[in-house]
Amino acid sequence: MTLPLFSRTPLLAGTDPEAVRARIRDHFQQTFDRYESLFEVLTCDAAYYEKPISLRHPLIFYYGHTATFFINKLLLVGLVRERLNPRFESMFAIGVDEMSWDDLNDANYDWPTVAEVRAYRQRLRATVDEIIRMAPLSLPIGWDNPWWAILMGIEHERIHLETSSVLIRQHRLDYVRPHPAWPPCRQSGPAPDNAQVSIPAGDVRLGKDFADPYYGWDNEYGRHEAVVPAFSASRFLVSNGEFLTFVEAGGYADDSLWSEEGRAWKDFAGARHPTFWQHEGDGWHLRLMTEVVAMPWNWPVETNYHEAKAYCNWQARQTGQPVRLPSEDEWYRLLAVAGLKELAADEPTQANLHLDHWASSCPVDTFAHGPLYDVVGNVWQWTETPIYPFDGFAVHPIYDDFTTPTYDERHNLFKGGSWISCGNEARHSSRYAFRRHFFQHAGFRTVVGEPLAKPPASNYETDRLLSEYAEFHYGDEYYGVPNFPRAMAELCITALAGRPARRALDLGCATGRASFELAKHFEQVTGLDFSARFINVGVQLATQGSVRYTLADEGELVSYHERRLADLGLAAVRDKVTFFQGDACNLKPHFTGYDLILAANLIDRLYSPRKLLEHIHDRIVPGGLLVIASPYTWLEEHTPRSEWIGGFKKDGENLTTLDGLQAILGQHFRRLGEPRSLPFVIRETKRKFQHTQSEVTVWERLP
């Protein structure tokens with residue numbers, strides 16, 4: 001039986017809103033039908049409640065989850081005003097991602113009946129269908145358009161069409177049955193020889209524009225460019241037959257082939273062969289979604305990242321060549337060499353993709369793509385690249401936890417899609433990443449090439465104080481108060497008034513904004529702070545050009561932020577700044593010979609400010625400047641009372657900090673002008689800000 005083509009992700013632009021409305025409605029209805037048919041392979045209600053694997057919820061959760069996702073997102077954009085079932089929309093809302101194999105969670109749930117969830121899904125279907133038919137629609141549909149939530153719900157269900165099929169594939173065999181909508185491939189044979197194909201060097205330019213007329217997840221947007229050196233790639237995906245040689249050679253028992261993380265997973269899981277392989281009396285068999293078949297040796301092997309990586313290490317040992325998995329950039333070079341276009345809307349794709357052919361893998365030599373096979377389709381292909389945000393990445397406001405939790409350097413990208421990857425998953429721009437121990441319909445191909453550069457750090461800083469300072473230095477301005485580090489740097493540069501500007505020291509630089517701002521005027525700037533954590537923000541900006549962090553909004557809610565030197569006009573000076581960790585009260589001898597030293601909001605946080613101030617003249621050239629800014633907030637938790645240089649009564653009279661500064665610095669410095677106040681605002685939460693006045697004094701080093 002030939003099934004009609006499953007709808008592609010629709011074009012969201014044009015001049016005919018009613019035509020787009022009809023395409024979206026058809027896309028929604030087909031997706032809903034297909035998802036329902038997947039659960040029809042379950043033989044009984046008990047199959048919904050017994051976990052296929054211990055690391056995931058039972059299937060009843062996934063049956064309800066995609067429906068409640070619709071309501072929860074449509075509420076956020078105002079396309080629905082009331083909940084259908086508050087209990088369901090709480091119970092089925094979160095808990096989708098696989099739990100860590102080393103962090104099990106056995107929480108109990110009072111699951112509803114299958115009939116109750118099915119009835120809920122039908123109510124949801126009618127609700128969304130009415131919205132699609134009746135809601136006002138203007139084109140194009142961008143991610144700020146309320147209709148984006150409808151597409152988000154549809155594409156989200158297509159993701160779970162695939163992830164749920166993997167769980168069903170891991171379920172008890174008596175809980176599943178064949179289904180006419182899900183026919184597997186029946187072709188099999190011996191594994192073909194797998195030669196390497198030369199891939200020439202080339203450029204890649206990745207990242208979607210926000211004006212792109214197709215739906216995308218937030219991690220697809222932004223900019224990334226790279227020059228990819230020449231490498232070679234295996235013509236075929238690694239087959240079951242090829243992988244058998246690794247199994248028979250004792251690859252799973254040889255710990256030297258596995259990373260530390262991989263060994264820990266292997267030992268925990270007791271893995272001795274791929275998870276979908278079964279060894280019975282007459283040899284190896286393969287578990288498909290609803291049945292077990294004799295091992296098709298020419299189908300692609302399906303593994304997690306750890307198994308794929310161990311195989312590459314084994315191949316490298318066998319051949320003496322640098323065998324590894326491809327990077328994300330290298331996969332795009334394979335795509336370019338193959339000359340592949342996006343899926344056509346009206347004809348089956350020449351790949352085992354988008355359910356156009358079978359509900360299983362097929363032989364690796366079925367679909368040729370230029371000199372390669374299966375550049376897309378059949379199974380996902382693991383890469384060496386932990387997912388990271390492109391430059392300009394932004395979090396979608398109604399789904400802020402789709403991607404950002406994966407920016408932890410523990411989720412690797414895989415590319416190309418599998419036989420069941422549909423909609424957005426099947427587009428070349430899609431970026432999906434999973435924990436390295438995770439199982440999907442995923443395999444790999446090998447490459448031989450140069451060692452890969454370490455990918456940029458992608459995690460978001462979550463330390464609250466550090467994030468507040470990153471925002472204070474590089475983030476938004478609040479209540480019309482100018483950015484304080486920038487204002488301080490501008491004040492310093494103005495005060496120099498033609499003096500030499502060779503070297504500057506930003507003492508107590510925190511996360512480093514003033515250091516970069518000073519570098520616009522100075523030949524060389526040193527940023528020094530006691531906190532290595534703070535310094536690392538400046539180092540990351542200097543080396544990678546961007547920093548990412550979360551800010552507290554309210555309670556446990558956070559927002560995600562990315563700041564880039566280029567956007568602040570500072571990218572050109574980052575090579576002029578060097579950061580060091582150090583103690584301002586005990587500076588090393590080589591920190592000397594400066595034309596300017598800036599100590600902003602520092603002295604009232606030192607354990608002994610006098611130790612700094614009494615010797616700071618040794619660090620500044622004659623005629624150079626010392627600029628001090630402080631709110632004079634003396635606290636014993638930072639500075640012992642005996643070390644305060646002001647802010648108390650002496651001999652019955654008030655002794656201000658300015659008096660103390662004059663007394664200590666007067667022997668070697670002349671104060672220029674009167675003190676001035678410079679305000680600053682630190683954001684604590686979305687609705688709580690700290691507004692402070694810092695007093696600034698400028699001191700000239702005497703000859």
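The values are calculated or read from the model by the stated rules, or taken from the named source; none is laboratory data. Source: prediction; values computed, not measured. Here the Cβ positions follow ideal geometry from the backbone for every residue, glycine too, while neighbour counts run over all protein chains shown.
Within region 249-265, take every residue that is part of a loop (DSSP other than H, G, I, E, B) and at negative phi and give me the one that is surrounded by the fewest Cβ atoms within 10 Å (Cβ to Cβ). Filtering first and then ranking leaves 253. What is the one condition in (1) loosely packed, with under 15 Cβ neighbours inside 10 Å; (2) in a helix (DSSP H, G or I); (3) touching a residue at least 40 places away in the same chain (Cβ under 8 Å) that residue 451 does not satisfy? Only one criterion is unmet by residue 451, namely (2).
Scanning region 354-371 for residues that are of a type outside the set (Gly, Ala, Ser) and touching a Leu at 6+ places or on another chain (Cβ under 7 Å) yields 354, 356, 364, 369.
Tallying residues that are outside any strand (DSSP E or B) and at pLDDT 95 or above within region 407-421 yields 6.
For region 36-79, the tally of residues that are hydroxyl-bearing (Ser, Thr, Tyr) and over 18 Å from residue 157 (Cα atoms) stands at 3. Scanning region 691-703 for residues that are of a type outside the set (Gly, Ala, Ser) and at pLDDT 95 or above returns 691, 692, 693, 695, 696, 697, 698, 699, 700, 701, 702. Could you grab the pairs with beta carbons closer than 9 Å, sequence gap of 6+ or different chains, first residue in region 656-676 and among the acidic types (Asp, Glu) and at pLDDT 95 or above, second one surrounded by 15 or more Cβ atoms within 10 Å (Cβ to Cβ) and not in a strand (DSSP E or B)? Pairs that qualify, where the first residue is among the acidic types (Asp, Glu) and at pLDDT 95 or above and the partner is surrounded by 15 or more Cβ atoms within 10 Å (Cβ to Cβ) and not in a strand (DSSP E or B), are 659/645; 659/646. Looking only at region 301-328, residues that are more than 22 Å from the chain's Cα centre (by Cα) and among the basic types (Lys, Arg) come to 2 in all. Would you call residue 147 within 30 Å of residue 398 (Cα to Cα), touching a Leu at 6+ places or on another chain (Cβ under 8 Å) and surrounded by 21 or more Cβ atoms within 10 Å (Cβ to Cβ)? When the stated conditions are applied, residue 147 passes them. Identify all residues within region 614-673 that are part of a loop (DSSP other than H, G, I, E, B) and aromatic (Phe, Trp, Tyr); write none if there are none. Across region 614-673, the qualifying residues are 632, 634, 644.
Quick check on region 347-365. Is at least one of its residues among the polar types (S, T, N, Q), over 20 Å from residue 190 (Cβ atoms), surrounded by 19 or more Cβ atoms within 10 Å (Cβ to Cβ) and touching a strand residue (DSSP E or B) at 6+ places or on another chain (Cβ under 9 Å)?
no
The combined condition, being in contact with a Lys or Arg (Cβ under 9 Å, 6 or more places away or on another chain) and assigned by TED's automatic domain parsing to the domain that holds residue 598, is fulfilled by residue 468.
Of the listed requirements (1) within 31 Å of the chain's Cα centre (by Cα); (2) within 30 Å of residue 360 (Cα to Cα); (3) buried (at least 21 other Cβ atoms within 10 Å of the Cβ), residue 74 misses just one: (2). Residue 45 meets each of the listed conditions (1) surrounded by fewer than 14 Cβ atoms within 10 Å (Cβ to Cβ); (2) touching a residue at least 60 places away in the same chain (Cβ under 8 Å); (3) within 24 Å of residue 355 (Cα to Cα); (4) acidic (Asp, Glu) apart from (3). Just one residue in the set 299, 277 is of a type in the set (Phe, Trp, Tyr) and buried (at least 22 other Cβ atoms within 10 Å of the Cβ); that residue is 299.
A quick yes/no check of all residues on (1) in contact with a Ser or Thr (Cβ under 6 Å, 6 or more places away or on another chain); (2) at pLDDT 95 or above:
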residue	(1), (2)
462	yes, no
473	yes, yes
482	no, yes
485	no, yes
490	no, yes
495	no, yes
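Take the conditions (1) more than 30 Å from residue 588 (Cβ to Cβ); (2) touching a His at 6+ places or on another chain (Cβ under 8 Å); (3) in a loop (DSSP other than H, G, I, E, B); residue 433 misses just one of them, which is (3).
For region 141-240, the strands (runs of 3 or more DSSP E) that sit wholly inside it and include 3 or more residues that are in the same structural domain as residue 398 (by TED's automatic domain parsing) and under 22 Å from the mean Cα position of the chain (by Cα) are 202-206, 224-228. Could you say whether any residue in region 543-563 is modelled with pLDDT of 90 or more, more than 22 Å from the chain's Cα centre (by Cα) and hydroxyl-bearing (Ser, Thr, Tyr)? Looking for residues that are modelled with pLDDT of 90 or more, more than 22 Å from the chain's Cα centre (by Cα) and hydroxyl-bearing (Ser, Thr, Tyr), one finds none in region 543-563, hence no.
The set of residues from region 642-675 being within 28 Å of residue 472 (Cβ to Cβ), of a type in the set (D, E, K, R) and loosely packed, with under 13 Cβ neighbours inside 10 Å comprises just one member, 674.
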